[in-house]
Structures are given as structure tokens and as C-alpha cells.
Amino acid sequence: MGVLAGKEIVLGVTGGIAAYKACEIIRELKGEGANVTTILTASGSQFLTPLTLQTLSKNPVVMDLWNLISESEIGHISLAQRAHLLLIAPATGNILGKIRGGIADDMLSTVVMATAAPVVLAPAMNTQMYASAAVRENVAVLRSRGFLFVEPDEGELACGTVGPGRLAAVGKIVEMVRIVLAEKILKGKKVVVSAGPTAESIDPVRFLSNRASGKMGFALARAARRFGADVTLVSGPTALADPYFMKTVHVRTAEEMQTAVDRESADADAIVMCAAVADFRAARISPTKIKKDGGGWNLELSPTVDILDRLGRDKGRRVLVGFAAETGDIEQNAIGKMRKKNLDAIVANDVSRADIGFESDDNEVRIFFSDGEVRELPLATKEGIAVGIWLALHGKLFAR
Ligand code: CTP
């Protein structure tokens, strides 16, 4: 179950052209099990009809503070009290000014004033307006009061100008909601996660790599971030977009990955090596493209550095977790690797199965701990497995 299941979210929609994106936000939130009640401001209703929001949210849309029927059914105080989170997307310059100034002259501004729930603001406006002294100051003051912001993206705006002001991507706004609502079991922890394959060049056009997609590692990084950790993701080449709200370091080779992991993990509490680091690289990289000559080709390989093994030799107080991709004798191989590399735990999966492992969106793993305990995580999405892995690691390794 995702972090949004059963959550009460109040979505405020104010009057900007990005209001139409509220429809997609509702779908995403509801798709993950949240109950969404929409408050549409008078200006917002110039861009979107209440019927649209009502149909998508499957809840009555709240508009008028002085409407006796809606006030008796969903009063502004009860709405403010039952919300786990209030999201305003898009948030105009006007609503930011009203919240900062303590003005409560309509339903949305009144609910903001009356709620103790976290408030996430996703501003969207013309670049010049966003850069104006009033908006800059309002954002700074609201931040200092604990309001959370999803900054606008840069790009072409509806008014034709190019610059910051476009409503942040829906995926980014929803990720912020997940981050705010998730339990903070990893708060104060610094975590480094590696992901993806590495690629070892043979010549300017060829390289050695493997089938790792990066999905499991990216899911682990996202889950740790939601659980409140300070996360750095070190990723080999993948087709995936960088996760939001964390530092992502891109590397190509095992050597580059080692440099990045070492640099980022000096003061880390935990390092999870999910990357499928290449075990071999070309003994010599040809500076020019190697030509075929009609015969075969013997490629001489050298071992790469074993990043996890090195970390295990100088472990300090850091929690070290490895992954073992196996095609047979899973338990024996995984435990052997854990012992050899001095790990606290190893996550083993069977990559011979087509329904899990490489490229798949699903996984099924067993976690072996150094004290002999084994936890099984049954078939689930990699997102779900990532949550399960952190819950298990937290219970065993961090809560001590
Ligand atoms: N690993 C690493 N550096 C390497 C190779 C692997 O840090 N050069 C890490 C992986 O990120 C993973 C774990 O070590 O967490 C996997 O252990 P390993 O014994 O190297 O697994 P395989 O490479 O699959 O070993 P084998 O080919 O012998 O099965």
C-alpha cells in the first residue's frame, strides 16, 4: 500500500492557466488511494468548472464560504481539521500574498488559516510576477513559517515568455505530497544508494555492460527520501529520469562509481549497493574504433575494483547492504557474498525468472542479515519491495 492510501487531501485550485493540471493531480492522488476534496476559488472557476473537479474527485467541490448547504455538509473548520495535507496547485501570486498577510476572505484562504496540517504550495505565474519583490518576499516569509513549496519549472509559459513560472511537473508535485505524508522512519539518516549497470569502454563505440535497468535502485532511493532520509543516488547509465528532491550523481564506469560512492558516503549512515557493477573491463581501451579483419577477436579483460568489498574493509559505523543477483543456489551464494564483503545484510533475487529481476517492474527478494535472520518479501512492484527493504533494514539495523 502506498503512502497516500486513506489520506485526506484538500486541493486548492486558484485562478491561473495551469488550473487544468489540477485534474491530473486529482487523478494521481486518487489513483494511490487518497480522498481528495477540492476547493475552487472564484478566479479558479474562470478556468475550470466545478463539475470537472467533482467528477474527477468524486467529492462535492467547495467554493463559497457563505454557502449554507456546503457549510453545513463540509464546514471550513471540519475540512481544515480532517485534512492530512493541504495542497494548493496552482498557487497564484494573489493566494501567496493573502496567506502571508493573514487574509481569510474566501473558503481556501480561510481553510489555510484554520488548518494545522502541512500546506504545500505549487506556485505558477508569469516569470516577471514570480520575480517581483512582493512574491519573492512572500515566498521567503511563508517558507520561514513552515509552508512547503514545489518551485515552478522553467519553460515556455502560456503568456509567451520563457523562464521560471510554469507549474512544476505533476509527478514532482505528487512526489512532494508523498514525501510530506510518509512516515519519517529515516529522518536524520544519510543514505547513499547505487543503481543501474556500469559501462566499460572497449573502444570509442563499443562497451561492456549488463541488463540492469536501474529501476530497483531508483525505487530504493525514492522510498528512502519519502521516509525522510537525506539521499544521494549514484547511478550508472539508465533510461530513467532523475528522481525528484535528491542529489543524483551520474557515472559510467565501475571506477567512476567507486569514486562517487566513496566521496558521497564518507559521512553516510547507510550505503546500499544496488548497482550491477561490471566485474570486468577491457584491459586496454582502444582510442580508435577496432576494425574487423574477417577473423575472431580475443578481448583481454581485467577485473574492476570491487566497491562493496573495499567499503566492507573500512566499514566504520556505516550500515552496508549489498545485492546479489543469482540464478541458482541463492541462499548459499548470497550469504557467502555477505560474509566475504563484511556486510550487514544482502538482498537476494532470482534473476533467472522472467517475471522479476532485470528490466521488470516487479521483484521478489529475500533479505539475509549478518545475524542469520532472513526476511522474505513476496512478489510486489519494485516500489513496494523498496519500501519493504527499508522497513526491514530500519527495524533490524537503525532502531538499535
Ligand atoms: N559490487 C561492487 N563492485 C563490484 C561488483 C559488485 O560493489 N565490482 C557489489 C554490487 O553492487 C552488489 C554486490 O557487490 O551489491 C554483488 O556482489 P558480487 O559478489 O560482486 O556479485 P556478482 O558480481 O554478481 O558476483 P558473481 O559474478 O561472482 O556472482
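The values are calculated or read from the model by the stated rules, or taken from the named source; none is laboratory data. This is a predicted model, so every value here is computed, not measured. Methodologically, a virtual Cβ is constructed for each residue, glycine included, from the backbone with ideal geometry; neighbour enumeration extends over all protein chains shown. Just the protein is used for accessible areas: all its heavy atoms, side chains included, with ligands, DNA and RNA removed. Shrake-Rupley method; radii C 1.70, N 1.55, O 1.52, S 1.80 Å.
See the values below:
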item	result
For the stretch 8-181, share of DSSP beta bridges that run antiparallel, in % to the nearest 5	20
Per residue accessible area in Å² of the stretch 47-194, where ligands, DNA and RNA are left out and the probe is 1.4 Å	45
Gyration tensor (alpha-carbon) shape descriptor, the stretch 128-188, a/c threshold 1.5	oblate
Shape of the stretch 22-106, Cα gyration tensor, a/c cut at 1.5	rounded
In degrees, nearest ten, helix 133-144 long axis to first principal axis of the chain (Cα)	70
Too-long pairs where the Cα-Cα distance tops 29 Å, listed order kept, from Lys58/Lys247; Lys215/Lys340; Lys7/Lys382; Lys98/Lys184	Lys58/Lys247; Lys98/Lys184
Length-normalised contact order of the chain in % [C-alpha pairs under 8 Å, at least 6 apart]	11
The stretch 190-398: antiparallel DSSP beta bridges as a percent of all, rounded to 5	40
Solvent-accessible area, 1.4 Å probe, carbon plus sulfur percent, for the chain	52
Tilt relative to the chain, helix 170-181 - C-alpha long axis, 0 to 90 degrees, to 10	90
The stretch 147-295 shape via C-alpha gyration tensor axes, a/c threshold 1.5	oblate
Kirkwood Rh in Å, taken over all unlike Cα pairs in the stretch 8-181	15.9
CD proxy at 222 nm, helix term only [per DSSP H run n ≥ 4: -39500 (n - 2.57); per residue of the chain; nearest 500]	-9500 deg cm²/dmol
Percent of alpha-carbon pairs separated by more than 21 Å within the stretch 190-398	52
Between 0 and 90°, nearest 10: helix 382-393 axis offset from the chain longest Cα axis	80
Kirkwood-type radius of the stretch 25-68, with distances r between different C-alpha atoms, in Å	10.9
Among beta bridges that DSSP assigns inside the chain, antiparallel share in %, nearest 5	30
Equivalent ellipsoid semi-axes, the stretch 349-400, via Cα gyration tensor eigenvalues times 5, rooted, Å	22, 12, 7
Cα-Cα pairs of the chain separated by more than 32 Å (percent)	46
Rg followed by Dmax, in Å, when the stretch 219-323 is reduced to its Cα trace	17.0, 57
Estimated dipole of the chain in Debye, rounded to 20 [Cβ of Lys and Arg +1, of Asp and Glu -1, Cα centre]	700
Computed accessible area, His250, all protein chains, 1.4 angstrom probe, square angstrom	110
Per residue Cα convex hull volume in Å³ - calculated over the stretch 279-342	141
